[in-house]
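Worksheet: one structure, shown below.
The values are calculated or read from the model by the stated rules, or taken from the named source; none is laboratory data. What you are looking at is a predicted structure, and each value in this text was computed from that prediction instead of being measured. Ideal geometry is used to build each Cβ from the backbone, glycine not excepted, and the neighbour counts take in all protein chains shown. The accessibility values were calculated without ligands, DNA or RNA, using every heavy atom of the protein model including side chains. Shrake-Rupley method; radii C 1.70, N 1.55, O 1.52, S 1.80 Å.
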Amino acid sequence: MEVASVLASHGVRTTMVFPDDRVWKRLFTPPISTFFERYFANRGITFMKRDKVVALRHSNHECEVVLASGKRVSADFVVAGIGVVPSLELFHRTPLNTGDGIKVNSFLETIVPGVWAAGDVANYPDQIFRRRMRLEHWDNAVEQGRAAMRNMTGKLQPFVHVPYFFSDVFDLSYEFWGDATGYDQVISRGNMNEKRFSVWWLKKQTLCAAFIINRSEEERAVAPRWILRHARLDPKALQKARNLKSLDTTFGGDD
């Protein structure tokens, strides 16, 4: 999505092909996906959903993308977003536990004493969501690197950090905190038509994730704190509150 926005901003006619029925299906709600699809379409990007690339052909100085549906798309160049896997070959003949990344404990130390792992390759037990995670984002790599360094020097502290990422597309900038896995309720604030809204994922009335775009600094401040402190929220109050200060009971708390 970032690449597509940059290309379109430079006048490149851009087509996106992907197998899901909407963009960012694994992460965002249908209304958020619809918002971004409309925003991109209004800036010249064509979406070809529920389809896959099966071949790239070149003939008579022309490149063509062949889709599973039988459709063909002419192209000057192709950008393939195929995902990544941890590069673990170096460690396969070592005692390290290398499943989905290198397994570490809450201090980021591997099963080999004195050997630590941090960043995209580290599979760690998240202390907030109580499950193992492996995150691919520079914010996580920076924070884990700092935590591993402190623990190497003997100042042992579990790695506790709210998962976070941000993105800039066209003239929009948004942020996402937490992990919405297992959510049972979604609360929206603001107005999508004005490009100023936030979305809050709750699990048993406990905040587990938040998406914020062009909203107040107040919302950006409370979102990670509420997730970190497992804040319980009244869904109706969260939706209707003009500001969130009255709802913030976590400031100065210990949990």
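So here's what we get for this one:
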item: Single residue of the range 116-147 satisfying the filter (of a type in the set (S, T, N, Q) and farther than 16 Å from S87 by Cβ) that is surrounded by the fewest Cβ atoms within 10 Å (Cβ to Cβ); result: Q127
item: Yes/no for R38 being charged (D, E, K, R) and within 20 Å of Y183 (Cβ to Cβ); result: no
item: Complete set of residues in the range 187-216 that are among the charged types (D, E, K, R) and either open to solvent by less than 50 Å² (accessible area, probe 1.4 Å) or at pLDDT below 90 (or both); result: R189
item: Condition check for A8: modelled with pLDDT of 95 or more and loosely packed, with under 14 Cβ neighbours inside 10 Å; result: no
item: Members of the range 154-178 found to be assigned to a strand (DSSP E or B), within 18 Å of R225 (Cα to Cα) and out of contact with any Cys (no Cβ under 9 Å at 6 or more places or on another chain), listed by number; result: Y164, F165, F166, Y174, E175, F176, W177
item: Verdict on R242 being surrounded by fewer than 14 Cβ atoms within 10 Å (Cβ to Cβ) and free of Cβ contacts under 8 Å to residues at least 40 places away in the same chain; result: yes
item: Set G119, G145: member being in contact with a helix residue (DSSP H, G or I) (Cβ under 6 Å, 6 or more places away or on another chain), outside any strand (DSSP E or B), small (G, A, S) and within 25 Å of R220 (Cβ to Cβ); result: G119
item: Within the range 25-44, tally of residues that are surrounded by fewer than 17 Cβ atoms within 10 Å (Cβ to Cβ), under 21 Å from A80 (Cβ atoms) and either among the hydrophobic types (A, V, I, L, M, F, W, C) or touching a strand residue (DSSP E or B) at 6+ places or on another chain (Cβ under 9 Å) (or both); result: 1
item: Members of the range 45-67 found to be more than 15 Å from T15 (Cβ to Cβ) and surrounded by 11 or more Cβ atoms within 10 Å (Cβ to Cβ), listed by number; result: V54
item: Residue match in the range 36-54 (condition: within 30 Å of L202 (Cα to Cα), part of a loop (DSSP other than H, G, I, E, B) and of a type in the set (S, T, Y)); result: no
item: Candidate set: the range 68-109, residues that are among the aromatic types (F, W, Y) and in a loop (DSSP other than H, G, I, E, B); chosen: the one least open to solvent (accessible area, probe 1.4 Å); result: F107
item: Failed item, numbered, when D168 is tested on (1) on the phi < 0 side of the Ramachandran plot; (2) without any contact (Cβ under 8 Å) to a residue 12 or more places away in the chain; result: (2)
item: Test for S188: is it in contact (Cβ under 8 Å) with a residue 40 or more places away in the chain and among the hydroxyl-bearing types (S, T, Y); result: yes
item: Conditions (1) open to solvent by 50 Å² or more (accessible area, probe 1.4 Å); (2) under 19 Å from R26 (Cα atoms); (3) within 17 Å of the chain's Cα centre (by Cα); (4) of a type in the set (D, E, K, R); number of the one not met by D184; result: (3)
